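Inspection log for the structure reproduced underneath, given as structure tokens.
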Amino acid sequence: MSSAAKAVSLKCNVCGLLLKSVEECQTHGEMTGHADFAESTETIKTMKCRECGKRCRNLEEQKLHANFNEGHSVFVPCEESDNVVQTAKEFRKVENDMREDAGLPLKKKSSSKDDDVMIIDDDDDDDDDD
């Protein structure tokens, strides 16, 4: 048996956020400007809001969610099957929830029939002339 513990997550050394993959590190880095990551033996323990079911992977995400959603302050452990995003539509919802909690512009569907095409709505003024 090896004396070295196996890494099960990646950790941002700037803010302490635990991440599951290199892709999540890249996204986190793009959103925050953080660029210092390391392997970690800490397990990501996902909790969900008892009120709406939003998944939060750490105390910081829980605090953000509770601050932006009145009455959403009780979190319960997720079942393993609760952690799986099943569809692209569910992924977009989860991503927009995270962007909203972080104060970033939301993504919205384009007018294209292609369900996988998304655009970021970062335009502060409404210039829809429809």
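What FRET efficiency comes out for Glu79 versus Glu39 if R0 is 25 angstrom and r is the Cβ-Cβ distance? Round to the nearest 0.05.
After rounding to 0.05, the efficiency reads 0.40.
Ligands, DNA and RNA excluded, the heavy atoms of Phe75 present near 30 Å² of accessible surface to a 1.4 Å solvent probe. Solvent-accessible area of Cys52, all protein chains in place: 70 Å² (probe radius 1.4 Å, heavy atoms, ligands and nucleic acids excluded). Separation of the alpha carbons by more than 27 angstrom is noted, of Lys20/Lys63; Lys63/Lys89; Lys45/Lys93; Lys20/Lys108; Lys6/Lys54; Lys11/Lys48, for Lys6/Lys54. Placing a pseudo-label 7 Å from each Cα along the Cα-to-Cβ vector at Glu90 and Cys15 gives an inter-label distance of 2.5 nm. Once you have a ≥ b ≥ c as the square roots of the Cα gyration tensor eigenvalues for region 1-53, tell me rounded if a/c is under 1.5, and otherwise prolate or oblate according to whether a/b is larger than b/c. Note, shape of region 1-53 comes out oblate. Kirkwood radius, region 4-97, all distinct C-alpha pairs, inverse of mean reciprocal distance: 14.3 Å.
In this structure Glu51 has an accessible area near 130 Å², from a 1.4 Å probe over the protein heavy atoms.
The values are calculated or read from the model by the stated rules, or taken from the named source; none is laboratory data. Here the structure is a predicted model, which means the values were calculated and not measured. A quick note on method: Cβ atoms are made from the backbone with ideal geometry, for glycine too, and the neighbour counts reach across all protein chains shown. Note: accessible area is taken over every heavy atom of the protein model, side chains too, but ligands, DNA and RNA are not part of it. Shrake-Rupley method; radii C 1.70, N 1.55, O 1.52, S 1.80 Å.
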